[in-house]
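Working notes, beginning with the structure itself.
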Amino acid sequence: MPKIQGYESHAIEYDQWFTDNPEIRNAEIKAIKSLLPIGQGIEIGAGSGQFTLPLQIDTGIEPSPAMRNLAKAKGIDLIDGVAESLPIENGHFDFAIFITSTCFLDDPLKAYQEAARVTKDNGKILIAFLEKNSELGRAYEKHKANSPFYCDATFYSYTDIESFLKQAGYKNFKSVQTVLPENESQQTNDVLPGHGQGAFVVINAEK
């Protein structure tokens with residue numbers, strides 16, 4: 001069963017967060033764009049469409065009616081569906097993208113296998129997620145019981161996500177990171193290659 005309860009009752013607050021934190025949102029978009037495959041993509045767990053428009057993705061799946069309604073108000077028509085059973089034909093897209101949606105999946109491996117099914121033979125996948133071992137990830141985990149959005153979330157590490165992807169048949173991993181600890185050499189919203197520092201990590205892999 002999709003974990004949408006918090007988003008059903010707090011959809012407006014979710015959308016407002018991005019309005020109130022444009023620098024973080026822009027850094028996340030920049031990180032995603034740095035590894036975004038070319039071609040026609042599908043966003044799985046598209047939410048209210050906060051990333052759908054700036055990434056120019058024309059197809060999205062979202063199980064929450066409240067979130068789909070917010071997306072529709074922005075001119076985005078999302079398909080009702082869940083990641084583990086996509087209402088999409090085989091081999092239709094060049095890539096599939098999950099943006100902070102993996103932590104809400106009932107079965108990440110099955111979802112990534114479905115992403116492989118609906119992409120072409122040389123298709124790619126892009127996963128953007130909150131790294132559970134980062135400082136921010138540990139804080140979210142500690143306080144998630146009090147969050148209307150993350151109370152049902154399961155946070156994962158880079159190693160966890162890579163393992164799911166390998167089991168789903170993906171290879172040739174690339175990654176970038178942002179929402180970094182600030183120091184003399186880097187700012188929070190810088191985008192760096194790799195993983196291990198940033199709270200927001202993006203992985204690109206191919207079938």
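Quick notes on this structure:
- Residue count for region 165-195 under the criterion of being in contact (Cβ under 8 Å) with a residue 60 or more places away in the chain and more than 19 Å from A31 (Cβ to Cβ): the result is 0.
- Output for region 19-46, where each listed residue is open to solvent by 40 Å² or more (accessible area, probe 1.4 Å) and over 22 Å from A115 (Cα atoms): T19, D20, N21, P22, E23, I24, R25, N26, K30
- Within region 145-160, residues that are farther than 12 Å from S101 by Cβ have Cβ atoms under 7 Å from residues that are part of a loop (DSSP other than H, G, I, E, B) and among the charged types (D, E, K, R) in these pairs: D152/K3; F155/K132; S157/K132, counting only partners at least 6 apart in sequence or on another chain.
- Any hit, region 179-192, residues being open to solvent by 20 Å² or more (accessible area, probe 1.4 Å), closer than 19 Å to I38 by Cα and among the polar types (S, T, N, Q): no
- Looking only at region 8-17, and only at residues there that are touching a residue at least 24 places away in the same chain (Cβ under 8 Å) and open to solvent by 20 Å² or more (accessible area, probe 1.4 Å), the one that is farthest from the chain's Cα centre (by Cα): S9
- Search result, residues across region 21-51 that are in contact with a helix residue (DSSP H, G or I) (Cβ under 7 Å, 6 or more places away or on another chain) and not small (G, A, S): R25, I42, I44, Q50, F51
- Scanning region 48-62 for residues that are more than 21 Å from N189 (Cα to Cα), of a type in the set (S, T, Y) and surrounded by 14 or more Cβ atoms within 10 Å (Cβ to Cβ) turns up at least one hit.
The values are calculated or read from the model by the stated rules, or taken from the named source; none is laboratory data. Here the structure is a predicted model, which means the values were calculated and not measured. Note: ideal-geometry Cβ built from the backbone for every residue, glycine included; neighbour counts use all protein chains shown. These accessible areas exclude ligands, DNA and RNA; they are computed on the full protein's heavy atoms, side chains included. Shrake-Rupley method; radii C 1.70, N 1.55, O 1.52, S 1.80 Å.
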